[in-house]
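This report refers to the structure that appears directly beneath it.
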Amino acid sequence: MKFTKMQGLGNDYVYVNCFEETVDSPQLLAKALSDRHFGIGADGLILICPSKKAGCRMEMYNADGSRGAMCGNGIRCVAKYAYEAGLVKGEEMTVETDSGIRHVKCRPENGKVRLVEVDMGIPVVGEREAFLWEGKELFFTPVDMGNPHAVFFGHLSELPAVSCFGPAVEKSPRFPEGVNVEVIQVESAEALSMRVWERGTGETMACGTGACAAFAAAKTLGFTGDTGVVKLLGGDLEIAWPGTGEPLVMTGPAVEVFRGEIIL
């Protein structure tokens with residue numbers, strides 16, 4: 001099977017062009033390919049498929065084989081691949097996901113896409129809640145970006161590491177289908193620093209929907225304005241959001257790492 005390894009801010013996935021390839025048992029394949037010692041190594045598997053509703057369809061599977069509804073870093077790489085491979089004509093396209101159709105705009109330079117702008121849909125920001133962890137009461141803001149997020153605010157040096165309490169939040173009865181966990185430090189009205197624990201994968205270098213959820217929560221709480229940057233371990237994402245009831249736009253890089261064939 002032919003594959004392409006791509007990454008957005010270090011959030012890396014194995015991509016398969018299902019316009020040409022057929023994938024059986026994608027859940028099992030995701031676990032096998034994602035293994036960084038016995039497989040290719042990735043945060044998961046993303047299939048680029050034909051769609052009757054959009055230019056193409058994205059199917060996402062986490063490293064543990066579970067199905068994901070949406071991936072902000074992943075959809076940028078899908079758009080890059082679709083544009084450069086000619087699967088979709090034009091710099092602007094629509095991508096079908098499990099959380100709806102997303103409008104995407106590629107920014108090519110000399111035929112190669114470096115940055116991708118994504119309409120991530122309308123965030124749904126809930127009321128702040130408490131989470132009890134090892135006798136400590138930690139407060140989070142729930143955000144729905146087509147997938148669930150629990151956003152914790154505080155100084156990164158004072159909050160527990162997301163790798164420590166992230167698993168407990170993800171598996172909490174409060175989130176029967178799991179949740180992505182973000183720890184956010186407000187640097188200024190234009191910048192947030194973030195660490196993330198992704199459900200089904202663990203701590204990653206970046207999470208596009210997580211950055212969007214963090215910014216939506218921060219703006220709702222009055223920490224930011226309409227635009228800003230979310231700083232992750234893998235790099236920065238630009239976010240623009242006018243506010244409640246409006247779609248949020250994310251802009252960031254998409255990078256091809258290598259292509260290959262694997263014997264299944």
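Every residue in the stretch 213-235 that is under 15 Å from residue 182 (Cα atoms), touching a residue at least 60 places away in the same chain (Cβ under 8 Å) and not small (Gly, Ala, Ser), please.
Answer for the stretch 213-235, where residues must be under 15 Å from residue 182 (Cα atoms), touching a residue at least 60 places away in the same chain (Cβ under 8 Å) and not small (Gly, Ala, Ser): 232, 233.
Just to be sure I understand, how many residues within the stretch 27-72 are assigned to a loop (DSSP other than H, G, I, E, B) and either among the aromatic types (Phe, Trp, Tyr) or more than 24 Å from residue 90 (Cβ to Cβ) (or both)?
Residues in the stretch 27-72 being assigned to a loop (DSSP other than H, G, I, E, B) and either among the aromatic types (Phe, Trp, Tyr) or more than 24 Å from residue 90 (Cβ to Cβ) (or both): 14 in total.
On the basis of being within 29 Å of residue 254 (Cβ to Cβ), at pLDDT below 95 and either open to solvent by 60 Å² or more (accessible area, probe 1.4 Å) or not in a loop (DSSP other than H, G, I, E, B) (or both), does residue 158 make the cut?
So residue 158 fails the test.
Only one residue in 109, 84, 134 is open to solvent by 20 Å² or more (accessible area, probe 1.4 Å), acidic (Asp, Glu), more than 20 Å from residue 256 (Cα to Cα) and more than 15 Å from the chain's Cα centre (by Cα). Which one?
Details: 109 fails: more than 20 Å from residue 256 (Cα to Cα); 84 fails: more than 20 Å from residue 256 (Cα to Cα).
That would be 134, the only listed residue that is open to solvent by 20 Å² or more (accessible area, probe 1.4 Å), acidic (Asp, Glu), more than 20 Å from residue 256 (Cα to Cα) and more than 15 Å from the chain's Cα centre (by Cα).
Which number in (1) under 26 Å from residue 202 (Cβ atoms); (2) among the hydroxyl-bearing types (Ser, Thr, Tyr); (3) surrounded by fewer than 23 Cβ atoms within 10 Å (Cβ to Cβ); (4) in contact (Cβ under 8 Å) with a residue 12 or more places away in the chain marks the one condition that residue 25 misses?
Of (1) under 26 Å from residue 202 (Cβ atoms); (2) among the hydroxyl-bearing types (Ser, Thr, Tyr); (3) surrounded by fewer than 23 Cβ atoms within 10 Å (Cβ to Cβ); (4) in contact (Cβ under 8 Å) with a residue 12 or more places away in the chain, only one is false for residue 25: (4).
Filter the stretch 178-196 for residues that are among the aliphatic types (A, V, I, L, M) and open to solvent by 40 Å² or more (accessible area, probe 1.4 Å); which is farthest from residue 248 (Cα to Cα)?
In the first step, residues of the stretch 178-196 are kept if they are among the aliphatic types (A, V, I, L, M); the result is 179, 181, 183-184, 186, 189, 191-192, 194, 196.
Narrowing further to those that are open to solvent by 40 Å² or more (accessible area, probe 1.4 Å): 186, 189.
Values: 186: 19, 189: 17 Å.
So, considering only residues that are among the aliphatic types (A, V, I, L, M) and open to solvent by 40 Å² or more (accessible area, probe 1.4 Å), the one farthest from residue 248 (Cα to Cα) is 186.
Which of (1) open to solvent by 50 Å² or more (accessible area, probe 1.4 Å); (2) under 22 Å from residue 94 (Cβ atoms); (3) touching a Ser or Thr at 6+ places or on another chain (Cβ under 8 Å) is the odd one out, the single condition residue 15 does not satisfy?
Every condition holds for residue 15 apart from (1).
So which of 63, 54, 30 is out of contact with any Ser or Thr (no Cβ under 7 Å at 6 or more places or on another chain) and buried (at least 17 other Cβ atoms within 10 Å of the Cβ)?
Sole residue among the options that is out of contact with any Ser or Thr (no Cβ under 7 Å at 6 or more places or on another chain) and buried (at least 17 other Cβ atoms within 10 Å of the Cβ): 30.
Within the group 125, 183, which residue is touching a residue at least 60 places away in the same chain (Cβ under 8 Å) and hydrophobic (A, V, I, L, M, F, W, C)?
125 is the lone residue from the list that is touching a residue at least 60 places away in the same chain (Cβ under 8 Å) and hydrophobic (A, V, I, L, M, F, W, C).
Condition first: in contact (Cβ under 8 Å) with a residue 60 or more places away in the chain, over 26 Å from residue 246 (Cα atoms) and touching a Pro at 6+ places or on another chain (Cβ under 9 Å). Can you find one or more residues in the stretch 202-212 that meet it?
Checking the stretch 202-212: at least one residue is in contact (Cβ under 8 Å) with a residue 60 or more places away in the chain, over 26 Å from residue 246 (Cα atoms) and touching a Pro at 6+ places or on another chain (Cβ under 9 Å).
Tell me yes or no: at least one residue of the stretch 9-22 is touching a Leu at 6+ places or on another chain (Cβ under 7 Å), farther than 25 Å from residue 195 by Cβ and not in a loop (DSSP other than H, G, I, E, B).
yes
Scanning for something over 21 Å from residue 63 (Cα atoms), assigned to a strand (DSSP E or B) and charged (D, E, K, R), does the stretch 216-231 turn up at least one residue? Reasoning before the result, please.
Narrowing the stretch 216-231 to residues over 21 Å from residue 63 (Cα atoms): 216-231.
From what is left, the residues that are assigned to a strand (DSSP E or B) are 227-231.
If we keep only those that are charged (D, E, K, R) too, we end up with 231.
Yes, that holds for at least one residue.
Of all residues in the stretch 197-212, count the ones that are open to solvent by less than 10 Å² (accessible area, probe 1.4 Å), aliphatic (A, V, I, L, M) and more than 10 Å from the chain's Cα centre (by Cα).
Selection size over the stretch 197-212: 0.
Of the conditions (1) open to solvent by 50 Å² or more (accessible area, probe 1.4 Å); (2) within 20 Å of residue 195 (Cβ to Cβ), residue 141 fails just one. Which one is it?
Only one criterion is unmet by residue 141, namely (1).
The values are calculated or read from the model by the stated rules, or taken from the named source; none is laboratory data. Quick caveat: nothing in here was measured; it's all calculated off a predicted structure. In this analysis, Cβ positions are derived from the backbone assuming ideal geometry, glycine residues included, and neighbour counts consider all displayed protein chains. Protein only, heavy atoms only, side chains kept; ligands, DNA and RNA dropped before computing areas. Shrake-Rupley method; radii C 1.70, N 1.55, O 1.52, S 1.80 Å.
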